[in-house]
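Pasting a structure below so you can have a look.
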Amino acid sequence: MSVLVYTENWDGKFKKSSFELVSYASKVAEMMGTSAVAVSIGNVDEAELKLLGNYGAQKVISVNQDNLKTLDSQAYTSAIASVAEKIGAKVIVVANNNSGKSIAPRLSVRLKAALGAGVSKLPISTSPFTVYKRAFSGGAYADVVLKTDVKVITLAQNSFDVIETANNAVIEKMDISVDAPKTQVKEVQKQSGKLLLTDAEIVVSGGRGMKSADNWAPIVELADLLGGATACSRPVSDEGWRPHDEHTGQTGKIIAPNLYFAVGISGATQHIAGVSSSKYIVAINNDKSAPIFEVAQYGIVGDAQKVLPQLVAAVKEIKGK
Amino acid sequence: MKILVCISNVPDTTTKVKFVDGDTKLDTNGIQWVINPWDELSLTRALELKDDASTGVKSVTVAHVGLATSEPTIRKALAIGADDAIRVNADPTDAYNVAAQIAEVVKKEQFDIIMCGIESSDFNSSAVGSMVAEFLGMPSVSAVSNLKIENGTAVITREIDGGKEIISVPAPFVAIVQKGIAKEPRIAAMRGIMMARTKAIKLYEPVAIDALTETAKFEMPAARAACKFVDAENPKQLIELLQAETKLI
């Protein structure tokens with residue numbers, strides 16, 4: 001018996017979110033009186049694999065072969081399911097990101113294991129095994145009982161803190177045969193070096209209240225000064241003021257940074273659905289009755305054009321720039 | 001080529017949800033039901049592909065697992081332009097059960113492309129599409145923001161962290177679509193609404209498959225602390241507060 005956690009890598013490296021995932025799996029294992037095992041797919045060196053031990057993984061299984069070079073949901077599902085069966089995993093933990101979402105539901109069917117998707121806390125109980133998950137796009141949460149012997153959980157991003165422990169993981173290379181993938185990646189278009197919106201701990205986001213694409217400089221400057229990323233509301237990306245990959249909200253990106261600045265965003269239900277899991281929300285809006293103030297912890301009622309440059313100046317002063 | 005679009009019937013996305021029966025069930029009183037936003041975009045893209053003769057797409061069918069009460073939502077999909085519809089007559093209990101029902105439909109009817117929205121706005125599990133593919137042993141591609149058919153082969157754009165991948169996949173396959181797949185959802189025109197009345201909704205009885213999960217109860221999100229307001233004349237105070245209280249700046 002054990003808890004298996006799939007840790008994705010980005011060009012051979014793990015991220016903070018990988019360590020959150022392993023920390024979570026270790027705590028679930030502790031609740032069940034067992035240990036956590038991580039599985040890594042692809043080319044990751046031993047020193048990097050060892051890092052997972054610092055967050056509680058007792059063992060790290062490394063699977064690396066040609067049929068797993070690109071993410072093919074069938075091939076990855078086969079590989080992870082084989083590992084899970086070999087080690088007798090009772091719970092499989094996967095990130096609730098694009099890759100995790102393409103694998104976890106397949107694992108659920110393959111192993112006839114109940115799926116708890118978008119879970120944001122440790123299980124409420126292990127008998128019956130009950131998880132707490134987002135529902136109605138953040139309008140509510142649900143306590144869901146996973147009724148099967150083996151369970152699959154996807155963990156919502158930034159919902160669990162990293163826990164470091166003194167622990168030395170055993171690294172094991174495992175040979176697993178999987179069929180050649182049916183999907184073929186023809187081309188990859190990737191921006192490198194840019195902080196991803198979903199990874200950012202601080203996000204500065206602008207809405208229709210910014211009036212025009214020409215007014216974005218202070219948003220970008222504030223984000224840069226704070227080491228954060230920029231985002232926007234849907235009308236802004238629809239107008240073409242900002243690129244679509246910045247659209248945050250129900251149908252765009254769902255993010256959960258530690259600090260979210262909503263500037264000139266009124267806070268429609270669909271926008272709140274994408275940001276309500278942020279630890280702190282700061283709202284700047286000229287309408288005191290805007291719904292964004294109902295979810296914000298800090299607010300300024302005022303003209304964003306006037307307030308923003310002063311915020312930028314204040315941050316520069318604090319940072320000594 | 002035949003496309004199947006799976007649609008879910010969800011509360012309008014501006015609904016403030018409430019629960020009844022000891023917080024175990026959604027209070028459906030006064031709720032406006034709509035096609036799940038991602039499914040609506042997926043239907044739009046399927047119809048665009050059918051409109052373009054070069055793709056060889058001959059028909060677009062919608063499938064839904066739900067009771068008779070969800071027929072208005074299916075009619076809406078027909079009014080938007082789907083050729084016909086299939087309803088599996090079952091109360092959708094969990095994603096596993098719904099996907100199993102849809103897989104049975106696909107086994108009987110045979111489709112080349114199955115499109116599903118990346119999540120439903122009610123349960124947010126992002127599960128049904130990938131589960132359908134696994135039940136059928138088909139390839140699936142998730143986070144699809146574009147789907148084209150070139151010389152009879154599907155060319156898909158998949159969103160990845162910080163970029164995109166162009167993928168080719170042989171039919172039959174499942175495409176799990178997200179924002180970008182179509183610009184705006186197509187809206188039903190009067191002619192479509194008239195025609196929808198006569199289009200067929202084929203009824204399937206469900207196969208016996210147990211749900212693997214059960215919702216014990218719903219909870220409202222934890223209340224957030226009230227907003228602390230800072231005077232617009234002194235924005236610097238906001239930064240000082242954030243620095244002192246959140247330690248994030």
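Can you pull out the residues in the range A:215-258 that are at positive phi and open to solvent by 10 Å² or more (accessible area, probe 1.4 Å)? Lay out the reasoning, then the answer.
Going through the range A:215-258, the residues at positive phi turn out to be A:227, A:240, A:249.
Residues satisfying the conditions are A:Gly227, A:Gly240.
Can you pull out the residues in the range A:20-50 that are part of a helix (DSSP H, G or I) and open to solvent by less than 30 Å² (accessible area, probe 1.4 Å)? Write out each step before concluding.
Narrowing the range A:20-50 to residues part of a helix (DSSP H, G or I): A:20-31, A:46-50.
Listed by number, the residues that qualify are A:Glu20, A:Leu21, A:Val22, A:Ser23, A:Tyr24, A:Ala25, A:Ser26, A:Val28, A:Ala29, A:Glu48, A:Leu49.
Could you tell me whether any residue of the range A:74-93 is facing chain B (nearest Cβ under 9 Å), open to solvent by less than 40 Å² (accessible area, probe 1.4 Å) and over 19 Å from the mean Cα position of the chain (by Cα)?
Here is the first cut: in the range A:74-93, the ones facing chain B (nearest Cβ under 9 Å) are A:74, A:77.
Cutting the leftovers down to open to solvent by less than 40 Å² (accessible area, probe 1.4 Å) gives us A:74, A:77.
Right, trim to over 19 Å from the mean Cα position of the chain (by Cα) and you get A:74, A:77.
Within the range A:74-93, one or more residues are facing chain B (nearest Cβ under 9 Å), open to solvent by less than 40 Å² (accessible area, probe 1.4 Å) and over 19 Å from the mean Cα position of the chain (by Cα).
Please indicate, with yes or no, whether at least one residue in the range A:52-63 is without any contact (Cβ under 8 Å) to a residue 12 or more places away in the chain and under 14 Å from A:Ser177 (Cα atoms). Please lay out each step first, then the result.
Taking the range A:52-63 as the starting set, the residues that turn out to be without any contact (Cβ under 8 Å) to a residue 12 or more places away in the chain are none.
No: zero hits.
Among strands (runs of 3 or more DSSP E) lying entirely in the range A:109-185, which contain 1 or more residues that are under 19 Å from the mean Cα position of the chain (by Cα)?
On the way: elements: A:114-119, A:129-135, A:140-146, A:151-155, A:170-173.
Result: A:114-119, A:129-135, A:140-146, A:151-155.
State yes or no: is B:Ile149 more than 8 Å from chain A (Cβ to nearest Cβ), open to solvent by 80 Å² or more (accessible area, probe 1.4 Å) and among the β-branched types (Val, Ile, Thr)? Even if it seems obvious, please write down each step before you answer.
Details: more than 8 Å from chain A (Cβ to nearest Cβ): yes; open to solvent by 80 Å² or more (accessible area, probe 1.4 Å): no; among the β-branched types (Val, Ile, Thr): yes.
Answer is no for this residue.
Moving on. For the range B:155-182, enumerate the residues that are within 10 Å of another protein chain (Cβ to nearest Cβ) and among the small types (Gly, Ala, Ser).
The first filter runs over the range B:155-182 and keeps only residues within 10 Å of another protein chain (Cβ to nearest Cβ), leaving B:155-170, B:173-174, B:176, B:178-180.
Across the range B:155-182, the qualifying residues are B:Gly162, B:Gly163, B:Ser168, B:Gly180.
Identify, by number, the condition in (1) over 14 Å from the mean Cα position of the chain (by Cα); (2) within 11 Å of chain A (Cβ to nearest Cβ); (3) crowded, with 24+ Cβ neighbours inside 10 Å that B:Met138 doesn't meet.
In the conditions (1) over 14 Å from the mean Cα position of the chain (by Cα); (2) within 11 Å of chain A (Cβ to nearest Cβ); (3) crowded, with 24+ Cβ neighbours inside 10 Å, B:Met138 misses (3) alone.
To continue, here is another question. Find the strands (runs of 3 or more DSSP E) located wholly in the range B:153-233 whose residues include 2 or more that are open to solvent by 60 Å² or more (accessible area, probe 1.4 Å) and of a type in the set (D, E, K, R), and list them.
B:213-219
Right, here's the next one. For the range A:162-189, which positions are within 14 Å of chain B (Cβ to nearest Cβ) and over 21 Å from B:Pro139 (Cβ atoms)?
Step one: list which residues in the range A:162-189 are within 14 Å of chain B (Cβ to nearest Cβ), which gives A:178-189.
Listed by number, the list holds a single entry, A:Gln189.
I would also like to ask the following. Only residues that are closer than 16 Å to A:Gln270 by Cβ and in a loop (DSSP other than H, G, I, E, B): list them for the range A:287-297, please. Write out each step before concluding.
Applying the first criterion (closer than 16 Å to A:Gln270 by Cβ) to the range A:287-297 yields A:290-292, A:294-295.
Those that are closer than 16 Å to A:Gln270 by Cβ and in a loop (DSSP other than H, G, I, E, B): A:Ala290, A:Pro291.
Can you find, within the range A:270-306, the residue that is nearest to the other protein chains (Cβ to nearest Cβ) among those that are farther than 25 Å from A:Ala256 by Cβ and of a type outside the set (S, T, N, Q)?
Of the range A:270-306, the ones farther than 25 Å from A:Ala256 by Cβ are A:286-289, A:301-303, A:305-306.
Pick out the ones that are also of a type outside the set (S, T, N, Q) and you get A:287-288, A:301-303, A:306.
Numbers: A:Asp287: 12, A:Lys288: 9, A:Val301: 6, A:Gly302: 3, A:Asp303: 7, A:Lys306: 7 Å.
Looking at the filtered set, the residue picked out is A:Gly302.
Evaluate the following for A:Val188: is it open to solvent by 70 Å² or more (accessible area, probe 1.4 Å), farther than 30 Å from B:Phe19 by Cα, of a type in the set (Val, Ile, Thr) and in contact with a strand residue (DSSP E or B) (Cβ under 9 Å, 6 or more places away or on another chain)? Walk me through it before giving the result.
Working: open to solvent by 70 Å² or more (accessible area, probe 1.4 Å): yes; farther than 30 Å from B:Phe19 by Cα: yes; of a type in the set (Val, Ile, Thr): yes; in contact with a strand residue (DSSP E or B) (Cβ under 9 Å, 6 or more places away or on another chain): yes.
Answer is yes for this residue.
The values are calculated or read from the model by the stated rules, or taken from the named source; none is laboratory data. All values reported here derive from a predicted model rather than from experimental measurement. Cβ: placed from backbone, ideal geometry, glycine included. Neighbour counts: every protein chain shown. These accessible areas exclude ligands, DNA and RNA; they are computed on the full protein's heavy atoms, side chains included. Shrake-Rupley method; radii C 1.70, N 1.55, O 1.52, S 1.80 Å.
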